[in-house]
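Chemist: Let me begin by handing over the structure; questions about it come next.
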Amino acid sequence: MVTGAHPIILSDLVEATWLVERPEDPLTTEELIGYHAQALAKHYQHVEEMREHVGKDKLQWALKFAEEHKHSIKDYNFKPLDFILVKNMITESSFSAKMLPQFHGPMVVIAKTKGGNYIVAELDGSVWQARVAAFRVVPYKAHKKLKLSESLEQ
């Protein structure tokens, strides 16, 4: 089992191919080693074919998903000093939290990290200790212009 694939069990259920021919009688240790050697010789080629096939399928699936959900997938890309709301994730995981606010905020974006998370602060300038994932952030539409504290503007 060096390759992680059993030499007699199906390697591709769709095409029903084996890495080696199926034995008719119980195998001796030497025969089993021989079957493993044959499987090792064929394994690299099969793995590469499967990797290429799966890669194409994954790309097609991702493009199809993006096309089907293009109206609901939003990339806001907030800039520093933009006003946002942060989704309260506790309300999704607890039945008793349904009366809690759905969003925290309004908040102010301080910076966007290399990984896509946001560093945010309250309107008084106190910075949140934890970074906020991009999927939790939505724009805040203010009815009137909000004034920022001087510490945030610096």
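Any read-out appearing in this document is the output of simple, stated calculations on the displayed coordinates, not a laboratory observation. The shown structure was predicted, so the numbers you read here are calculated from the model rather than taken from an experiment. FYI the Cβ positions are ideal-geometry reconstructions off the backbone, even for glycines, and counts take in every protein chain you see.
Chemist: In nm, to one decimal, how far is the Ala41 label point from the Lys114 one, both placed 7 Å along Cα→Cβ?
Modeler: The modelled label-to-label distance comes out at 4.7 nm.
Chemist: Across the Cα atoms of the range 44-129, what radius of gyration and what greatest pairwise Cα-Cα distance (Dmax) are found, in Å?
Modeler: For the range 44-129, the Cα-based Rg and Dmax read 19.9, 61 Å.
Chemist: If eta is 0.890 mPa s and T is 25 °C, what Stokes-Einstein diffusion coefficient results for the range 70-119, Kirkwood Rh from Cα pairs, in µm²/s? It would help to have the intermediate numbers written out before the result.
Modeler: Values: Rh = 12.6 Å.
Estimated diffusion coefficient is 194 µm²/s.
Chemist: Follow-up question, since we're still on this one. What's the ranking of 47-54, 107-114 by average number of surrounding C-beta atoms within 10 Å, highest first? Write down the numbers at each step before the final one.
Modeler: Numbers: 47-54: 11.1, 107-114: 16.0.
Per-residue Cβ counts within 10 Å, averaged per peptide and sorted highest first, yield 107-114, 47-54.
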